[in-house]
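The structure under discussion appears below in the form of structure tokens.
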Amino acid sequence: MSEKTSPLIKIIRFYYDGFTGMSAWGRKVWLIILIKLFIMFAILKLFFFPDFLKTRFSNDEQRSEYVMEQLINSPSDND
């Protein structure tokens, strides 16, 4: 068994073997975790975090100027 396999293939096999050998309880827990991640990243971003820069500025130059201004003039500099 002196077969050389890439690290990526080893990682994929590791997780595949782990998930296929998992108990029903473990699969349910992972399903809950994946659903929660989907809700956090897809649904919440879509409804609660609109693209602030895209709605306020019409082109990339204006957006970049605004970001630079915000980074340079941080609230702690106003003291």
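For the range 26-79, which positions are of a type in the set (A, V, I, L, M, F, W, C) and under 24 Å from TYR15 (Cα atoms)? Hits for the range 26-79 are VAL29, TRP30, LEU31, ILE32, ILE33, LEU34, ILE35, LEU37, PHE38, ILE39, MET40, PHE41.
Total residues in the range 21-79 satisfying the condition of being among the aliphatic types (A, V, I, L, M) and either outside any helix (DSSP H, G or I) or at positive phi (or both): the figure is 1.
Looking only at the range 25-66, residues that are open to solvent by less than 100 Å² (accessible area, probe 1.4 Å) and either touching a helix residue (DSSP H, G or I) at 6+ places or on another chain (Cβ under 7 Å) or aromatic (Phe, Trp, Tyr) (or both) come to 5 in all.
The values are calculated or read from the model by the stated rules, or taken from the named source; none is laboratory data. Quick caveat: nothing in here was measured; it's all calculated off a predicted structure. Backbone-built Cβ (ideal geometry, glycine too); neighbour counts: all protein chains shown. Areas reflect the complete protein model, heavy atoms only, side chains present, ligands, DNA and RNA absent. Shrake-Rupley method; radii C 1.70, N 1.55, O 1.52, S 1.80 Å.
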